[in-house]
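Following: one structure in structure tokens, then a few remarks.
Values quoted throughout were computed directly from the atomic coordinates according to the rules given, and no laboratory measurement underlies them. Quick caveat, the model's predicted, so the values are computed rather than measured. Cβ placement follows ideal geometry from the backbone for every residue including glycine, while neighbour counts extend to all protein chains displayed.
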């Protein structure tokens, strides 16, 4: 006799929520009004999906929870809080204790790590992967296949405090390594690599490795060698395929097929 | 029929707690002994208020929970843990999953962001605003109108590990930008700005912008221009009033009234 | 009449778990299959011990939860998640909301701070002390008496993203100060001190103080003076004994006894 995760204990689901087929929901999880969850998605214990916005507290009588869409085939780990008003694609994954505030749009196959804190009003493409404890300030934009490593912060206020809010933009395939800070409004191109612990204060052209505080261009990423083989590692899609859509096909073949 | 946040499910309140008028308490929240909560305060689901101190575990029979005061008109978001022995002013706000350890005194209108970790034995003035994921080491002191941005750490041990514990002190109106570390015992004056990702190893005089690791004085903050208008942005109270007591009045008029 | 922490409310324990004598378990805590908890251990409210691995979700029928061992005389604070497959020694302590992923081995007397995120497949010696919000990437190795301060990150991928995973190694008695990043595969010797906010990109010999991004050797730690007394502070075991096994004996005497 095994102890299962889905016992239906104190699960609380709004009558207006639309729950797909084969959805499993963990104990004590709350699904608020107007949430839509796609087929085969798993929401683990102690999560909150469709968390009401601030106006809930001041004007409960008139409050109408915005629609929240969670794609199918997703896995949302325990203690995650997803606000109302988010639109999240299929094959979404989270670690534990993730927070996603309102008006965020995530493409398909995105994954958010333990303790990630997405402040809302941001756009992600497909296949973005944020490791643990990343903070995305409001009004940030991530392309597709952007990977962000632990303790990275996307900031948005150039002269704090102010009413200006301009988040960073990161292009497709770029990698932002551990502990880096992206300053408000910086634009990072495609296939860039921001080295660990950098403060990026200026725009970064495509394919550049930048490092330092303030970050400076070190070299073209295509000059970086793999530690073991001595072969060029970047552009990384040529050399890494785990959970990527080109797994088993190779990036070039997949990419050629996409272009057609 | 809407799904509400306050259903009284498994709420647990000590008989010795004093709960003000119109207080709303979310499901599964625990209010321990000798907690006092002011009128109109909202405590959301899965919070712990008056968390017992360490001696609870070793000596439960003799243990007496210290008094904990939470001001009125506050909003404490879900999964927040506030230890016993704290005194917190009116109009307090938290994000989700905040932790505040014992013997911390916060003035009125303070706000703590998601995942903030306040280690106790610290003092905050009024209108302090900590964004997400700030760590305040023990024995820190913040004046009033101090804003602290994500992933800032206040440290307190100059020669780790030791039994010396001297936290930083930050003067009124100063701003500590994202990812900065304040070294033990540093004193930051009034109206300062610590740039993102800095390590502050020495005291900072009033009105200085410092940046870098170790942080160096870059210029007087009054020389910094607003990105859009080109006008000086600092001292910021002249240019920013959202949720500040001078909202709609202007800082100068408000300040003159205060002085009388 | 006092409100206690251990009311047996909604506690969920697998029939295959082995719970020692005098163990106290907080409300809503879940103990999954094949967990072993030593005598006198306290697990506070809303914890998860023996969290099932990813294969649980894809193959529940065949899934068999690996054994998880938690030593005796431990104190696990609320909202902590410990995955299945971990082996943790006696006198373990955690802060709140700690996450420890699978296949991690911790010696005795280790302590993990609030929000720590241990990614699994790592080894810790005895008496390691991690303060709040430390991130240990997979395949890291810590000796004994290693102290790690808030917001430190141990990384493991030299050319992200790749399939190489080589964590850092830190020798006995070394101290990694606030906000530092250890790059993949770096080896830090014994009795080292990494200054706050450093990025360690190269190996560090025994007894060195390093600082900066990239970190450079500043001096021998034995040249660092105590702030108050002006005496040398390092090697720190000569000057610090709180909760250490040489408390009340002195390090030299204890060390001589150990050697016999």
Notebook entry, point to check: How big is the gap, in Å, between the Cα center of the stretch C:150-173 and the Cα center of the stretch B:1-35?
Noted result: 44 Å
Next item on the list: Count, for each residue of B:188-197, the Cβ atoms from other chains sitting within 10 Å of its Cβ, then give me the mean as a whole number.
Entry: 4
Item checked: Among A:159, A:201, A:114: highest mean-square fluctuation, GNM of chain A, C-alpha pairs under 10 Å -> A:159
Item checked: Of B:110, B:12, B:47, the one that fluctuates the most in a GNM where chain B has Cα springs shorter than 10 Å -> B:12
Notebook entry, point to check: Using the per-residue mean of other Cβ atoms lying within 10 Å as a proxy for protection, in what order, highest first, do the peptides A:26-34, B:163-171, C:83-91, A:225-233 fall?
Noted result: A:26-34, C:83-91, B:163-171, A:225-233
Notebook entry, point to check: Which value results when the Cα radius of gyration for the stretch A:209-260 is divided by 2.2 N^0.38 Å?
Noted result: 1.43
Notebook entry, point to check: Using alpha carbon coordinates only, what is the Rg to Rh ratio of the stretch A:69-166, with Rh defined as the Kirkwood radius?
Noted result: 0.96
Note to self: Run the label-point distances for residue A:202 please: 7 Å along Cα to Cβ, every other copy, nanometres, shortest first.
What the structure shows: 2.7, 2.7
Next item on the list: Just check the stretch A:185-226 against the gyration tensor rule for me: Cα atoms, a ≥ b ≥ c as the square roots of the eigenvalues, rounded for a/c under 1.5, and otherwise prolate or oblate depending on whether a/b exceeds b/c.
Entry: oblate
Next item on the list: Starting from the alpha-carbon convex hull of the stretch C:154-220, give the projected area averaged over all orientations, in nm².
Entry: 3.9 nm²
Next item on the list: Using only the Cα atoms of the stretch B:1-149, build the gyration tensor, take square roots of its eigenvalues as a ≥ b ≥ c, and label the shape rounded, prolate or oblate: rounded if a/c is under 1.5, else prolate if a/b is larger than b/c, else oblate.
Entry: oblate
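Rounded if a/c is under 1.5, else prolate if a/b beats b/c, else oblate: with a ≥ b ≥ c from the C-alpha gyration tensor eigenvalues square-rooted, which is the stretch C:138-260?
Note, shape of the stretch C:138-260 comes out prolate.
Report the relative contact order of the stretch C:12-259, percent, no decimals, based on alpha-carbon pairs under 8 angstrom and at least 6 residues apart.
8 percent
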Notebook entry, point to check: Just for the Cα atoms in the stretch A:12-259, what are the lengths along the principal axes, largest first, rounded to whole Å?
Noted result: 59, 48, 30
Notebook entry, point to check: Per-residue ellipticity at 222 nm for chain C, helices alone: DSSP H runs ≥ 4 residues times -39500 (n - 2.57), over residue total, nearest 500 deg cm²/dmol?
Noted result: -1000 deg cm²/dmol
Margin query: Between residue C:9 and residue C:164, what is the label-point separation in nm under the 7 Å Cα-to-beta-carbon projection?
Written below: 5.2 nm
Checklist line | Kirkwood-type radius of the protein assembly as shown, with distances r between different C-alpha atoms, in Å | finding: 26.8 Å
Margin query: Using a 10 Å cut-off around each Cβ of peptide A:40-46, what is the average number of partner chain Cβ atoms that fall inside?
Written below: 3
Margin query: Give the separation of the Cα centroids, the stretch C:201-260 to the stretch B:79-99, in Å.
Written below: 37 Å
Notebook entry, point to check: Along Cα→Cβ at 7 Å, what distances in nm separate the residue A:15 label point from those on the other copies, shortest first?
Noted result: 3.9, 3.9
Notebook entry, point to check: When Cβ neighbours within 10 Å are restricted to other protein chains, what is their mean count per residue of peptide A:114-124?
Noted result: 3
Check: Could you give, in nm with one decimal, how far residue C:61 is from each other copy of that position, shortest first, with labels 7 Å out from Cα toward Cβ?
Finding: 5.6, 5.6
Notebook entry, point to check: Mind ordering B:64-72, B:118-126 by average Cβ neighbours within 10 Å, highest first?
Noted result: B:118-126, B:64-72
